[in-house]
Amino acid sequence: MVRGATFLILVLFTAEVRSETVDVKYRGPVDLKTFECRDINRSSFIQRVCYDKAQSYMVISLKGTYYHYCELPTSTFDGLMGAPSMGQFYNQNIKGTGTDGPFDCPTHRVPGY
């Protein structure tokens, strides 16, 4: 039994650690190793939210497509996560108008990952 446990521990410590990469619309692949990701089950619109606090950068899955938002403050991320209606909060506070939203990446600093 000790040999089995020792073997299992060795396998776990020597296993290659891989981070997850998602394809973000208008950007391409983004490695999520520095992000805090949360799966969302209380919204029919938002499935997942990933936030890199150090870069103020959010990647969000809307109906299965990932989008990104730049220079998004922690207070806005916290507001989204605590909102009674995440979709309504997103539409009112994060989503762009089509030309330039408050956190649209074409007009804000995009982190280089």
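Below, the figures for the structure above:
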item: Matching residues, the stretch 49-65, being among the aromatic types (F, W, Y) and in contact (Cβ under 8 Å) with a residue 40 or more places away in the chain; result: Y57
item: For R18: the one exception among (1) open to solvent by less than 90 Å² (accessible area, probe 1.4 Å); (2) at pLDDT below 95; (3) not hydroxyl-bearing (S, T, Y); result: (1)
item: Scan of the stretch 33-57 for residues that are out of contact with any Lys or Arg (no Cβ under 8 Å at 6 or more places or on another chain), open to solvent by 20 Å² or more (accessible area, probe 1.4 Å) and not aromatic (F, W, Y), ordered by number; result: K33, T34, N41, R42, S43, S44, K53, A54, Q55, S56
item: Inter-residue pairs, beta-carbon under 8 Å, first without any contact (Cβ under 8 Å) to a residue 40 or more places away in the chain and open to solvent by 20 Å² or more (accessible area, probe 1.4 Å) and in the stretch 69-92, second of a type in the set (D, E, K, R) and not in a helix (DSSP H, G or I), 6+ apart; result: E71/R109
item: Selection within the stretch 58-68 - touching a Ser or Thr at 6+ places or on another chain (Cβ under 9 Å) and surrounded by 21 or more Cβ atoms within 10 Å (Cβ to Cβ); result: M58
item: Residue in the stretch 100-112 that is among the aliphatic types (A, V, I, L, M), crowded, with 19+ Cβ neighbours inside 10 Å and either at pLDDT 95 or above or out of contact with any Ser or Thr (no Cβ under 6 Å at 6 or more places or on another chain) (or both) present; result: no
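The values are calculated or read from the model by the stated rules, or taken from the named source; none is laboratory data. Since this is a predicted model, take the numbers as computed values, not measurements. Heads up, the Cβs are rebuilt from the backbone with ideal geometry, glycines too, and the neighbour counts pull from every protein chain shown. Only protein heavy atoms, including side chains, enter the accessible area calculation; ligands, DNA and RNA are left aside. Shrake-Rupley method; radii C 1.70, N 1.55, O 1.52, S 1.80 Å.
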